[in-house]
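Chemist: Structure below; questions to follow.
The values are calculated or read from the model by the stated rules, or taken from the named source; none is laboratory data. Just so it is clear, the model here is predicted, and its values are computed rather than measured. Quick reminder, even Gly has a Cβ in these numbers, built from the backbone with ideal geometry, and neighbours come from all protein chains shown. Heavy atoms of the whole protein, side chains included, go into the accessibility calculation; ligands, DNA and RNA do not. Shrake-Rupley method; radii C 1.70, N 1.55, O 1.52, S 1.80 Å.
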Amino acid sequence: LERFFDIFIQVCTGLEYAHKMGVVHRDLKPTNIIVTKTPEGDRLPKVVDFGIAKIEDLGGNMQMLTQTGEVFGSPAYMSPEQCQGTTVDARTDIYALGCVMYEALSGKQAFAGHNIMTVLEKQLNTDARPFAELNLDREIPDALSSLVMRCLKKDPDLRFQSSADLKQALVKTRDNMLGAHTVQIGSKKFKFETITSI
């Protein structure tokens, strides 16, 4: 979970910058988040491949790339509005990032199928299975589960409304979980908050 938060909080920072510049990625997926290392050895995720990004306010010759009715992206990570070829905005990237986070936590795609049409139908009409139903080898804390599921709401108005909001929620969830996290020292387990206070 420490690695999860480390990576996705930084990804939100990158998306926040892109969205402020009027760029919607539209193809967020695991292979478009590259994790490198800084010279100090810290993880440094980078969002790559803006090849089908929607660039707002360009108009003119760029308009043909962003027409309503055109569908771009990877079906397993596409928002319902993107599947329908309707207007997309930053909340489309939040949905896709929710799909990536779901997969990072569970090892399973939130919306999988045998063919593209099956996946698109699930994106439009089926909710992701709760983590508790997946028989995972570890429990996903309720607060983190709720956060990811909010990203995956079919209605964009019910998702986080910006990557800054999502980042803030990730930081708060991480900090709350860290306080309740247990650390094993030798044969004994201690709450992290106890060690911190000592």
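Chemist: Of all residues in the range 121-137, which are open to solvent by less than 40 Å² (accessible area, probe 1.4 Å) and over 20 Å from Leu158 (Cα atoms)? Walk me through it before giving the result.
Modeler: Applying the first criterion (open to solvent by less than 40 Å² (accessible area, probe 1.4 Å)) to the range 121-137 yields 123, 128, 131, 134.
Passing the criteria: only Leu134.
Chemist: Taking Lys46, is it over 20 Å from the mean Cα position of the chain (by Cα), open to solvent by 20 Å² or more (accessible area, probe 1.4 Å), farther than 19 Å from Arg150 by Cβ and modelled with pLDDT of 90 or more? Step through it out loud before you land on a result.
Modeler: Working: over 20 Å from the mean Cα position of the chain (by Cα): no; open to solvent by 20 Å² or more (accessible area, probe 1.4 Å): yes; farther than 19 Å from Arg150 by Cβ: yes; modelled with pLDDT of 90 or more: yes.
Judged against the criteria, Lys46 is not a match.
Chemist: Taking the range 88-102, which residues are closer than 15 Å to Gln161 by Cα and either open to solvent by 10 Å² or more (accessible area, probe 1.4 Å) or hydrophobic (A, V, I, L, M, F, W, C) (or both)?
Modeler: The answer is Val88, Asp89, Ala90, Arg91, Ile94, Ala96, Leu97.
Chemist: Here is a further query. Consider only pairs whose beta carbons are under 8 Å apart and that are at least six residues apart or on different chains; among these, list those whose first residue lies in the range 114-138 and is touching a residue at least 40 places away in the same chain (Cβ under 8 Å) and within 17 Å of Ala76 (Cα to Cα) and whose second residue is open to solvent by 90 Å² or more (accessible area, probe 1.4 Å) and among the polar types (S, T, N, Q).
Modeler: Matching pairs, first to second residue: Leu124/Gln84.
Chemist: Turning to a different aspect of this structure: Could you pull out every one of the helices (runs of 4 or more DSSP H) wholly within the range 74-171 that has 1 or more residues that are under 20 Å from Gln10 (Cα atoms)? If you could, list the steps in order and put the result at the bottom.
Modeler: Numbers: elements: 80-83, 90-106, 116-125, 142-151.
Passing ranges, in order: 90-106, 142-151.
Chemist: If you scan the range 8-43, which residues turn out to be under 16 Å from the mean Cα position of the chain (by Cα) and part of a strand (DSSP E or B)? Give the steps one after another, and end with the answer.
Modeler: Keep residues of the range 8-43 that are under 16 Å from the mean Cα position of the chain (by Cα), which gives 8-19, 24-35.
Passing the criteria: Val24, Ile33, Ile34, Val35.
Chemist: Report, ordered by the first and then the second residue, all pairs with beta carbons closer than 7 Å, sequence separation of six or more or different chains, a first member in the range 151-171 that is open to solvent by 40 Å² or more (accessible area, probe 1.4 Å) and modelled with pLDDT of 95 or more, and a second member that is not in a helix (DSSP H, G or I) and not acidic (Asp, Glu).
Modeler: From the range 151-171, the pairs are Lys153/Arg159.
Chemist: For the range 9-43, what are the residues that are of a type outside the set (A, V, I, L, M), without any contact (Cβ under 8 Å) to a residue 40 or more places away in the chain and surrounded by 16 or more Cβ atoms within 10 Å (Cβ to Cβ)? Give the derivation first.
Modeler: Taking the range 9-43 first, the residues of a type outside the set (A, V, I, L, M) are 10, 12-14, 16-17, 19-20, 22, 25-27, 29-32, 36-43.
Next, from what is left, pick out any that are without any contact (Cβ under 8 Å) to a residue 40 or more places away in the chain: 10, 14, 17, 20, 22, 31-32, 36-42.
Scanning the range 9-43 gives Gln10, Gly14, Asn32.
Chemist: Considering the range 85-107 alone, what residues qualify as being of a type outside the set (A, V, I, L, M) and under 16 Å from Lys54 (Cα atoms)? Walk me through it before giving the result.
Modeler: The first filter runs over the range 85-107 and keeps only residues of a type outside the set (A, V, I, L, M), leaving 85-87, 89, 91-93, 95, 98-99, 102-103, 106-107.
Listed by number, the residues that qualify are Gly85, Thr86, Thr87, Asp89, Arg91, Thr92, Asp93, Tyr95.
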